[in-house]
């Protein structure tokens, strides 16, 4: 991140002008939540339900104000928020020194949940079961993401066909560094959720190709099932030095998908439309060939 000196009145005005429009403000707040990895322009457009051309104009305004940076990754343009640029306004407004509580409250406003209001039936919690063969990395990370980003509207569980004894340590380390509650995250057998007294699931989602190809138990209720396959860390990392980067890429792929899920207006969609939307999520950037084939067939 670049370091900023004392801001001028003109710079502060540019920052507030950039954030004075609702779409730009929501885009910036969304990017704050995706720190430090950022989001591809197409994923931003989809998550905010804003046409790509319109969003490009708003992102340009945020970049001109120094609030957002971009980088090329293959064919994608990834946008990353620069929270330090916003924080300089706290000092300009006098929220410093003895006013630490006020300054912290001012900055933390950006971290409030970015959710479209009134998308779910009040009091109705949607249960999501996330499956991966070993239930030690991808599915556990997805469980943590849904339980934080679902804000009580969605509740996640994860399991595996052949669960390992312990979570992958790098997965736990990464989640801890991003502020997730990792207490209680552990591999579990998927037979646990096939018992008659198990929670009834609304969604059952596989995130690894191996689990998607295995005969699975009968799940209580009539959950919507889909395969959102993303590569395993072993496929992304050829050495131990690449493992952390591979986990970060895996986290970004999971975050994009499951944030999309919890922002769906599930209770307002017909079953056919819900299936179509869930299928579209499975095709976004980072999908395995098996996931792409399932939804294209």
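Fewest neighbouring Cβ atoms within 10 Å first, the residues 146, 183, 125 line up as 183, 125, 146.
The fewest-to-most ranking of 141, 255 by surrounding Cβ atoms within 10 Å reads 255, 141. Residues 241, 16, 37 in ascending order of nearby Cβ atoms (within 10 Å, fewest first): 241, 16, 37. Using all pairs of distinct alpha-carbon atoms, the Kirkwood hydrodynamic radius of region 131-202 works out to 12.5 angstrom.
Across region 163-208, Cα-Cα pairs farther apart than 17 Å form 51% of the total.
Throughout, read-outs are computed from the coordinates displayed, never taken from laboratory work. All of these numbers come straight from a predicted model, not from anything done at the bench. Positions of Cβ are generated from backbone atoms using ideal geometry, with glycine treated the same way; all protein chains shown enter the neighbour counts.
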